[in-house]
Amino acid sequence: MLLSRYERMIARRYLLPGRGEAFIALVAGISLVAVMLGVAALVIVMSVMNGFRAELFDKIVGLNGHAVIQGYNGQLRDWRQVVAEAKATPGVVSATPLIEQPLMAGYSGRVEAVLVRGMNVPDILNNPSLNGKVVVGSLKSLTPGSGRIAIGSRLADALGATEGSEIQLISPQGPTSPFGTVPRIVSYTIGAIFEVGVYDYDKAFVVMPMEDAQTLLLMGDSVGMVELDTNDPDHVERILAPLADKVGRSGQITDWRQMNSQLFEALAVDRLVTFTVLSILILVAVFNILSSLIMLVRAKTRDIAILRTMGATRMGLTRIFMTVGTAIGAVGIGAGLILGFIALIFRQDIVSFLGFVTGRQIWDPSMRYLTDLPSKTDPFEVLGIAAMALLFSFLATLYPAYKAASTDPVQVLRYE
């Protein structure tokens with residue numbers, strides 16, 4: 001929108017009303033602040049939700065893979081052939097055999113439900129979700145036959161155990177006696193304590209060498225499943241379609257969407273609803289711009305009439321008032337983006353401060369699945385938010401600009 005010199009001068013004067021128009025200036029300031037808060041809220045919430053989904057996806061997929069081939073009756077006897085066929089499938093990056101079984105763990109009179117995961121030692125050391133997440137001890141101490149295991153930090157706290165503590169794993173699959181099946185209880189030494197960052201995993205996971213898990217669960221040379229990673233998790237179903245026919249007799253393929261469908265669908269719906277609600281907040285803020293411009297037009301009716309008699313065109317007046325309203329929205333958008341980015345940088349400090357003020361734990365890992373408040377800002381999404389707010393601000397100027405351009409100087413000046 002190109003303005004002439006006099007149009008720019010008048011627009012600047014209208015953006016800063018005089019002393020007698022303090023109320024108009026107040027409403028315009030409120031409009032600017034409202035747009036700023038609406039944009040900031042939308043940027044903050046969408047970035048946090050994006051970060052929540054990304055962190056959740058990375059951590060869940062990091063431990064569970066993009067898909068798993070689960071053996072019928074909980075066992076894959078020909079797992080070596082399954083691994084070979086999986087690795088030969090285009091798009092499959094890795095195939096990792098493992099055992100996963102829910103058991104009970106006991107220590108010093110405390111008992112907790114755990115999820116035992118048996119993996120080959122090289123796979124344990126190279127797992128991205130475990131590598132670098134050890135807080136006490138070392139994963140290198142987990143060697144076959146050593147009797148050493150790694151447990152999550154939350155589980156260690158619940159049991160009151162530390163590195164070097166000896167805990168008991170209780171398996172219902174034990175020897176048969178005249179009185180029935182006797183639970184199998186085996187003692188293991190904690191060699192490492194890790195913190196993945198997903199509360200449920202840190203509260204339940206017990207990692208041990210594959211050979212020790214096979215011995216504990218009396219599985220012989222079998223494994224429970226084969227974990228698969230692909231080069232494109234969004235198209236995992238298409239990539240693994242050829243493999244499904246090859247391994248159909250041994251096991252069933254389940255991808256990450258099926259394993260966590262309810263969780264990620266709930267996140268998608270929540271994200272859409274949140275975006276819609278906060279967009280309405282920006283729309284309400286833009287109505288303040290509309291009301292402030294209407295009041296400005298009414299206050300400047302005599303000035304508009306004089307400008308018309310001096311040769312100002314209808315289109316020129318339209319551009320002036322459209323510029324005033326759009327400028328208010330643009331400044332509010334810019335301030336909102338700055339405020340949003342600052343809040344995201346200090347988000348954890350803000351959460352801690354709110355918790356201190358209210359005396360309550362604002363971010364409870366047991367309820368929200370992750371230990372820290374995540375954030376991931378999408379530049380294209382931010383541009384979309386800014387463009388949407390600017391479009392709303394522009395549309396809010398159309399009616400006041402039309403009313404200003406429609407002012408009849410003869411009718412106005414007749415009574416002056």
If you build a Gaussian network model of the chain, linking Cα atoms that sit under 10 Å apart, which residue out of Ile385, Ile99, Ile239 swings the most? Ile239
Measure off, as a whole percent, the carbon and sulfur share of the 1.4 Å-probe accessible area of the chain, all protein chains present. 60
Within the range 20-51, the residues whose backbone N lies under 13 Å from a label point placed 7 Å from the Cα of Ile342 along the Cα-to-Cβ direction are 37, 40
Options (i) 32.1, 113; (ii) 24.5, 72; (iii) 21.2, 66 are given for Rg and Dmax of the Cα atoms in Å, and the computed one is (i)
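Using the Kyte-Doolittle scale, find the helices of the chain whose mean hydropathy is at least 1.6 and whose Cα atoms extend 20 Å or more along the helix's long axis, counting only whole DSSP H runs.
Details: long enough: 22-64 (62 Å, 1.76); 261-299 (58 Å, 1.73); 314-345 (47 Å, 1.67); 379-396 (26 Å, 1.95).
Membrane-span-like by this criterion, though nothing is claimed about a membrane: 22-64, 261-299, 314-345, 379-396.
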So if we plug the beta-carbon distance of Val273 and Arg238 into 1/(1 + (r/R0)^6) with R0 = 35 Å, what FRET efficiency do we get, rounded to 0.05? 0.75
Assigned charges on the beta-carbon of Lys, Arg, Asp, Glu; the range 1-152 dipole about Cα centre (debye): 500
In nm, to one decimal, how far is the Val351 label point from the Ser94 one, both placed 7 Å along Cα→Cβ? 2.8
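What net charge is computed for the residues neighbouring Ala401, neighbours being all others with C-beta under 11 Å from the C-beta of Ala401, Lys and Arg scored +1, Asp and Glu -1?
+3
Work out how much length Ser165 to Leu26 would gain on full extension: take 0.36 nm times their residue separation and subtract the Cα-Cα distance, in nm to one decimal. Intermediate values should be presented prior to the final figure.
Details: separation 139, 0.36 × 139 = 50.04 nm, distance 6.65 nm.
Full extension from Ser165 to Leu26 adds 43.4 nm.
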Can you show me the helix-derived [θ] at 222 nm for the chain, built from DSSP H runs with n ≥ 4 at -39,500 (n - 2.57) apiece and divided by the number of residues, rounded to the nearest 500. -18000 deg cm²/dmol
State to the nearest 20 debye the size of the charge dipole of the chain about its Cα centre, where the only charges are +1 on K and R beta carbons and -1 on D and E beta carbons. 2200
In Å², and per residue, what accessible area does the chain have when probed at 1.4 Å with the other protein chains present? 51
Straight-line reach only, C-alpha to C-alpha below 17 angstrom: list the lysines that Lys376 could link to, leaving out same-chain residues fewer than 8 apart. Lys59
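The values are calculated or read from the model by the stated rules, or taken from the named source; none is laboratory data. Keep in mind that this is a model prediction, so the values were computed, not measured. Quick reminder, even Gly has a Cβ in these numbers, built from the backbone with ideal geometry, and neighbours come from all protein chains shown. What goes into the accessible areas is simple: the full protein's heavy atoms, side chains included, and nothing from ligands, DNA or RNA. Shrake-Rupley method; radii C 1.70, N 1.55, O 1.52, S 1.80 Å.
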